[in-house]
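The block underneath contains the structure these notes are about, expressed in structure tokens.
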Amino acid sequence: MNPPIFEVCSADLTVQSRLGDPARLYPFGEAEPNPVKPYAVWQIVGGSPENYLDCAPDIDAMAVQIDCYATSAALARAVAQSLRDAIEPVAHITRWSGEDRDRDTNLYRYSFDVDWLVPR
């Protein structure tokens with residue numbers, strides 16, 4: 001019931017060069033305390049099954065938010081670009097959600113959304 005985001009992104013060499021191997025790409029709330037930077041988190045923010053009249057759904061549409069954190073704006077953007085390039089062959093980027101700087105950690109954040117069709 002989750003998109004294969006980690007499998008897709010961690011197999012990409014550019015993602016590995018920026019987020020390590022295995023990639024520091026965590027489900028929301030599961031990043032270790034004070035993770036190595038840069039890193040990214042993802043979470044499902046919406047979606048629905050593809051319902052049919054004559055049978056059960058065979059695919060789920062997932063809306064996923066990805067947040068990239070880094071010590072500089074340039075690095076946060078570079079991580080986002082790497083993830084974008086890894087994801088676009090298999091899913092659709094639907095929104096660039098913006099950039100900001102976290103008050104508590106001073107980390108830069110770049111956020112974007114993806115729609116992912118996940119076969120059951």
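Nothing in this text is a laboratory measurement; each read-out follows from the coordinates by a stated rule. In this text the structure is predicted, and so the values were computed from the model without any measurement. Every residue, glycine as well, gets a Cβ built from its backbone with ideal geometry; the counts of neighbours run over all protein chains shown.
In the chain, the calculated helix contribution to ellipticity at 222 nm averages -6500 deg cm²/dmol per residue, counting -39,500 (n - 2.57) for every DSSP H run with n ≥ 4. Rounded to the nearest whole Hz, the Karplus-based 3J(HN,Hα) values (6.51 cos²θ - 1.76 cosθ + 1.60, θ = phi - 60°) of segment 23-29 follow the sequence 5, 7, 10, 10, x, 3, x, with x at glycine and proline. Computed from backbone phi with θ = phi - 60° and the Karplus coefficients 6.51, -1.76 and 1.60, the 3J(HN,Hα) list for segment 13-21 is 5, 5, 4, 4, 5, 9, 10, x, 9 Hz; x is used for glycine and proline.
Sort 30-37, 41-48 by the packing proxy (mean of other Cβ within 10 Å over each peptide's residues), most packed first. Before the final figure, lay out each step's value.
Numbers: 30-37: 10.6, 41-48: 15.4.
Packing order, densest peptide first, comes out as 41-48, 30-37.
Around the amide H of SER97, modelled in the peptide plane, lie the amide H atoms of SER111, PHE112, ASP113, all under 5 Å away and 5 or more residues distant in sequence or on another chain.
Each Cα pair under 8 Å and six or more residues apart adds its sequence gap; the mean of these over the residue count of segment 5-119 is a relative contact order of 25 percent. In this structure the amide hydrogen of LEU107, modeled in the peptide plane, comes within under 5 Å of the amide hydrogens of ASP102, none closer than 5 places in sequence on its chain. Nearest 10 degrees, 0 to 90: what angle lies between the long axis of helix 73-87 and the longest principal axis of the chain (Cα atoms)? The answer is roughly 30 degrees.
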